[in-house]
Amino acid sequence: MGELKHVTLEGGASGTSGFATTKLDALLAWARKWSLFKYPFVTACCGMEFMALTSPRFDGSARFGAEAPRFSPRQSDLLWVVGTISQRQAPVLRRIYEQMMEPKWVLAFGTCASCGGFYDNYTTVPGIDKIIPCDVYVPGCPPRPEAVLDGLMLLQDKITKNATGDRRPGIVKPREDPVRDLIQLRKKSSREGEA
Amino acid sequence: MEPIDLDLDENELELPSEPMHLNMGPSHPAMHGTVRIVLELSGETIVKSDVQIGYLHRGFEKMCERGTWTQVFPYVDRLNYVSPMLNNVGYALAVEKMCDIEVPERCQWYRMILGELARISDHLTCNGAMAMELGAFTPFLWYIKAREMVWDILEEETGARLTHSFGRIGGMANPPTPALKSMCREAIPAILKIVEEGEGMLLKNRIFIDRLENIGKISGPDAIALSWTGPCLRSTGVAYDVRKAHPYLKYDEVDFDVPVGTCGDNMDRFLVRLGEIRQSCRIILQACDRMADEGPVNVDDPRVILPPKQDVYTTIEATIQHFKLVMEGAKVPKGEVYSYTEGGNGELGYYLVSDGSGTPHRVRIRPPCFPITQGLSDLINGAMLSDIVPTFGSLNMIGGECDH
Amino acid sequence: MSVRVLEALKEKFGDAVVETHSQFGDDTAVVRADKWKEVCRFLRDDPAMSFDMSVDLCGVDYPDREPRFEVVLHLYSVAKRHRLRLKARIGDAEGEGAEIDTVADIWIGVNWFERETYDLMGISFKGHPDLRRILMYPEFEGHPLRKDYPANKTQPLVPYRTEEEAGVTLEKQAPFGLDEGMPFGRRAWGTDRGES
């Protein structure tokens, strides 16, 4: 879709206000990152934190447009692997991943899904990336909901970047911190006072 | 116009009634991701079912044979991950039984408070998830809100929201915080209020009641023969609760009732769990009144308890003791023990075999869900397909515990 | 109360009861493997015993002993509130001949416990209605809870992706070695990955 460079959106009847120009890929990425349809592949302990994440206090997925769970892999584009994957479970996970439509992303929720955790034994898969590609790893056993939100924002950043061909790892931009700004302001004013 | 089936006899009119095979799970929203049920259906009625577990087998028992006795605690946490504190306490009691240690009184009350908080969290999750699977999303959000209150207390005490690893052989990792009692006294009325609101939403709902009442029935003797314990057994009217029948910690000194059901259907299991939340609240309030504000939490026994940090840095004896306890582990006397407590789902037993060294020879957990899940097949045979969801939800099968 | 159980067992079965003890307050009786079923039936049906609930059944591996395995059954009587641990010793040093009668027809709750013991410990139960693997998958070879099964030896069902396929580094660097942080002086059963 690289040929079509600019899209103009016409807003208002007069046509004098409300223009936005963007690349089509960027527009698609923007739309995708705010409407992730998740497939929760919940197996273990992390499922408890996953429940807490969707509960009113953290409201972790609705705020990012990822609220609606789809229990059919064909309708979803973000696979949450929540919990330990045993060797017995591995073919199931693999098949579910293969059933999902492109574009698709995978989020490894917790240490067990990321690397097997402290279950270094005969029955546990040492990380889902041994079986399927994985986009974001959220560490923690189980991760706190805040950590998962961080991971979700990383994924959004990754979606934006990949649309423009940027292969660098995603980052979560530091947010405005009023306290820190206040301190810097004070420092600045005191320095000015000295001078 | 003549009917087209004029020259057909009765049998040919029927569609061929071959049984249909259906595979439910392991990745099914109501199967908690860890159970697969292979069903043979005649229409919508279940003729035969085969419950297959093991999708969350993580080798708990093998892993425990590698570290010290204390290093078992994190693994124990992740067995029943809805009430980790009860598992911690159960395992600590089992090892203490072998070492012949009794923890100080303050610690016993402390363990009771934390354990009962975990039980509340367990039952709230079970009932909430069960309601959610039947389509009632609001009570689920209500119960999770109440669970967050419980977790706030546990986080303040232990530092972790879910997997605390807080128990130690001969005590706890840290003494109670000064705010514990006031936090409990504030949170419990709020939790009870939420429980009542959730109950009000569900128990007046015709759809919810119809899907629960007289579904998944089991009689008391059947449940005993299947080795059921805990809320599922009590829902059949058998009042067997380890806390009453064989009191441990200080359960013989507090006043609480054992809620029992009458006919052992899904509704009874739901109501027994709600009743137990209220009883747990009573226990916590009494324990808060009885627990001393000052006093030792850990037992004064150098075999198992680490010396104070101050001494480790200043005296050679304490340094050596610390080193030996960490590197070799606490030496547990040779022998075998079976210790049992009331977990979230029933009798949580630990069968430990020690060869006298710092590493367990065998750690065997008796998971209460395991026999309960075994009975699922009997409950759903002959029922309708849609009855699986409430029946399975009310059994509260926890994957980590059931599959070890 | 519970000492009477051991006394009654000894009186009824005589030589078949190899050993009894009450360590840590848990009454234990070791019986001969060929009398296993008979003893269990007596314990359930005798009105003075009435062990109506089988709490747990598991196997323990003692690689230094002969017979090598112990089958451990925990019983409880809901009516009389007493408990008993019943054990039988089977199998030779190679792990062969580990076979015992099933008690799944006496307590139906034992069914899955016996399947689990068969799966993880490799003890087979004669006459069991449905002796399949329960926790591991059918393709799995060996019995993981035996002490000679290496803890880290995996048998993947899905072949792992290679690094060429993935295009990224898959091998995670552990911050510590396999044995670091593990206690000194322990018997290192099966810690190698099985290829050596």
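The values are calculated or read from the model by the stated rules, or taken from the named source; none is laboratory data. None of the values given here were measured: they were computed from a predicted structure. Every residue, glycine as well, gets a Cβ built from its backbone with ideal geometry; the counts of neighbours run over all protein chains shown. Only protein heavy atoms, including side chains, enter the accessible area calculation; ligands, DNA and RNA are left aside. Shrake-Rupley method; radii C 1.70, N 1.55, O 1.52, S 1.80 Å.
Okay, residues lined up against (1) open to solvent by less than 30 Å² (accessible area, probe 1.4 Å); (2) closer than 26 Å to B:G128 by Cα; (3) not charged (D, E, K, R):
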residue: B:L203; (1), (2), (3): no, yes, yes
residue: B:N214; (1), (2), (3): no, yes, yes
residue: B:S219; (1), (2), (3): no, yes, yes
residue: B:I224; (1), (2), (3): yes, no, yes
residue: B:W228; (1), (2), (3): yes, yes, yes
residue: B:E253; (1), (2), (3): no, no, no
residue: B:D257; (1), (2), (3): no, yes, no
Selection over segment A:68-126 where residues are among the β-branched types (V, I, T) and touching a residue at least 40 places away in the same chain (Cβ under 8 Å) yields a count of 7
Would you please list the contacts, defined by Cβ atoms under 7 Å and residues six or more apart or on different chains, that run from a residue in segment B:309-335 that is aliphatic (A, V, I, L, M) to a residue that is part of a loop (DSSP other than H, G, I, E, B) and open to solvent by 100 Å² or more (accessible area, probe 1.4 Å)? B:M327/C:F184; B:A330/B:R303
When segment A:25-68 is checked residue by residue, the ones that are surrounded by 20 or more Cβ atoms within 10 Å (Cβ to Cβ), closer than 28 Å to B:T34 by Cα and not hydrophobic (A, V, I, L, M, F, W, C) are A:K38, A:Y39, A:P40, A:T43, A:G47, A:E49, A:T54, A:S55, A:G60, A:S61
Do you know which residues across segment A:133-142 are within 14 Å of chain B (Cβ to nearest Cβ) and either surrounded by fewer than 23 Cβ atoms within 10 Å (Cβ to Cβ) or on the phi > 0 side of the Ramachandran plot (or both)? A:P139, A:G140, A:C141
For segment C:48-77, which residues satisfy the criterion of being within 11 Å of another protein chain (Cβ to nearest Cβ), crowded, with 22+ Cβ neighbours inside 10 Å and assigned to a loop (DSSP other than H, G, I, E, B)? C:F51
When you check B:E196 against the structure, is it open to solvent by 10 Å² or more (accessible area, probe 1.4 Å) and touching a Ser or Thr at 6+ places or on another chain (Cβ under 8 Å), yes or no? no
Output the residues belonging to segment B:286-332 that are within 33 Å of the chain's Cα centre (by Cα) and either more than 17 Å from B:R168 (Cα to Cα) or small (G, A, S) (or both). B:Q286, B:A287, B:C288, B:D289, B:R290, B:M291, B:A292, B:D293, B:E294, B:G295, B:G329, B:A330
Identify, from the list A:K188, A:K158, the residue that is in a helix (DSSP H, G or I) and either surrounded by fewer than 20 Cβ atoms within 10 Å (Cβ to Cβ) or within 14 Å of chain B (Cβ to nearest Cβ) (or both). A:K188
Identify the single condition in (1) without any contact (Cβ under 8 Å) to a residue 60 or more places away in the chain; (2) facing chain B (nearest Cβ under 9 Å); (3) surrounded by 15 or more Cβ atoms within 10 Å (Cβ to Cβ) that C:G25 does not satisfy, given that it satisfies every other one. (3)
If you go through segment B:326-340, how many residues are in contact with a His (Cβ under 7 Å, 6 or more places away or on another chain) and either more than 9 Å from chain C (Cβ to nearest Cβ) or β-branched (V, I, T) (or both)? 0
So, B:L93, is that one touching a residue at least 24 places away in the same chain (Cβ under 8 Å), open to solvent by 10 Å² or more (accessible area, probe 1.4 Å) and of a type outside the set (D, E, K, R) or not? yes
Out of all the residues in segment B:115-156, which are within 15 Å of B:M201 (Cα to Cα), open to solvent by less than 10 Å² (accessible area, probe 1.4 Å), more than 12 Å from every other protein chain (Cβ to nearest Cβ) and aliphatic (A, V, I, L, M)? B:M130, B:A131
Within segment B:32-89, the count of residues that are polar (S, T, N, Q), within 14 Å of chain A (Cβ to nearest Cβ) and open to solvent by 30 Å² or more (accessible area, probe 1.4 Å) comes to 2
Hits in segment C:55-68 - residues which are closer than 15 Å to C:V31 by Cβ and over 8 Å from the mean Cα position of the chain (by Cα): C:P67
Considering only residues of segment A:100-116 that are in a loop (DSSP other than H, G, I, E, B) and open to solvent by less than 30 Å² (accessible area, probe 1.4 Å), which is modelled with the lowest pLDDT? A:G116
Considering each of C:K80, C:K37, C:K10 in turn, give the residue that is assigned to a helix (DSSP H, G or I) and farther than 25 Å from C:R115 by Cα. C:K10
